[in-house]
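These notes are about the structure you will find just below.
What follows is calculated from the coordinates using simple rules that are stated; it is not laboratory data. Model, not experiment: these values are computed from the prediction. Cβ atoms come from the backbone with ideal geometry, glycine included; neighbour counts cover every protein chain shown.
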Amino acid sequence: MPQTKPMVSIENVVASATVDQKIDLVNITKKFPDTEYHPDQFPGLVFRIKTPKTATLIFRTGKMVCTGAKSEEMAKNAVKTVVQKLRKGGIKIKKDAETTIQNIVAAINLGGKIHLEQAARKLPRSMYEPEQFPGLIHRMLEPKTVILLFASGKLVCTGAKKEKDVYRGTVTTSAPIFPASTTCCGCLILATRISVLKL
C-alpha cells in the first residue's frame with residue numbers, strides 16, 4: 001500500500017517581546033475599548049487584532065506575549081502591528097519591540113496507526129502510561145522538542161523555537177516508514193524508529 005505523506009500543521013506560535021519602558025494599561029483601555037483588562041484577576045491587558053488573528057498580552061513593564069500566530073513571521077508582524085496601533089492611538093512608545101519566539105506547536109497526522117507499546121520500547125527518553133494519559137511522551141534532544149504520540153497516528157510537537165526545528169528533512173533509518181526523499185516534520189525523526197500500521 002502506498003505511503004501516505006505526513007500532514008504537518010503549525011497550530012500556534014508564542015512570542016515574547018519588550019518595548020523596554022513602562023506602559024499605562026488603564027490609558028490603553030480608554031483609547032482601545034475592545035481590549036480586556038481586569039487587574040484584579042490578571043496583571044496583563046489583552047489586545048486582539050484581526051490581521052494577523054492573534055492576541056497579545058501587554059504588561060505595565062512593557063513586556064508582551066503574543067499567541068495565536070501560525071508562523072514566526074506572523075508572530076513578529078502581530079507584535080509590530082500592536083505597537084503601531086498603540087502609537088496611532090496616542091500611546092507613547094519610544095522603541096520598536098524586540099521579539100523572541102518562545103514556543104512553536106505543530107500537529108502532525110501520519111495517516112496510519114502507531115503501536116505505542118512498541119514505540120515506547122524503541123524510543124529513548126519516552127514515557128507511556130496509558131492508565132494516566134492515552135499518548136506516549138517522547139523527549140527529543142535534537143531538535144530539543146517534546147512529542148506526544150497517539151495510537152491514531154496523530155502527533156503533537158511542542159517546544160520548538162524555530163520553524164526549521166519543525167520542518168526538517170528526515171533521513172530514513174533501518175526501519176523506514178517514509179521514502180528517503182520525503183521532507184517532513186523534524187519532529188518525525190522519531191517516526192523512522194516506530195511502526196506505523198496502515199488503516
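Are any of the residues in region 78-89 aliphatic (A, V, I, L, M) and outside any helix (DSSP H, G or I)?
Going through region 78-89, the residues aliphatic (A, V, I, L, M) turn out to be 78-79, 82-83, 86.
Okay, now just the ones that are also outside any helix (DSSP H, G or I), so none.
No - not one qualifying residue is present in region 78-89.
Which pairs turn up if I take residues in region 117-135 that are touching a residue at least 24 places away in the same chain (Cβ under 8 Å) and look for partners that are part of a loop (DSSP other than H, G, I, E, B) with beta carbon separation below 7 Å, at least 6 apart in sequence or on another chain?
Here the result reads Q118/I194; Q118/S195; A119/I194; K122/I194; L123/I194, each pair linking region 117-135 to a residue that is part of a loop (DSSP other than H, G, I, E, B).
Just a yes or no: is a residue in region 11-20 closer than 23 Å to I101 by Cα, in a helix (DSSP H, G or I) and in contact (Cβ under 8 Å) with a residue 60 or more places away in the chain?
Among the residues of region 11-20, not one is closer than 23 Å to I101 by Cα, in a helix (DSSP H, G or I) and in contact (Cβ under 8 Å) with a residue 60 or more places away in the chain, which makes the answer no.
Within region 40-58, track down each residue that is buried (at least 16 other Cβ atoms within 10 Å of the Cβ), in contact with a Gly (Cβ under 9 Å, 6 or more places away or on another chain) and farther than 11 Å from S16 by Cα.
Of everything in region 40-58, those that are buried (at least 16 other Cβ atoms within 10 Å of the Cβ), in contact with a Gly (Cβ under 9 Å, 6 or more places away or on another chain) and farther than 11 Å from S16 by Cα turn out to be P52, T54, A55.
Listed here are the residues, each with its yes/no results for (1) within 30 Å of I49 (Cα to Cα); (2) surrounded by fewer than 16 Cβ atoms within 10 Å (Cβ to Cβ).
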{"residue": "E73", "(1), (2)": "yes, yes"}
{"residue": "A78", "(1), (2)": "yes, no"}
{"residue": "Q84", "(1), (2)": "yes, yes"}
{"residue": "I104", "(1), (2)": "yes, no"}
{"residue": "R121", "(1), (2)": "no, yes"}
{"residue": "P130", "(1), (2)": "no, yes"}
{"residue": "E142", "(1), (2)": "no, yes"}
{"residue": "L155", "(1), (2)": "yes, no"}
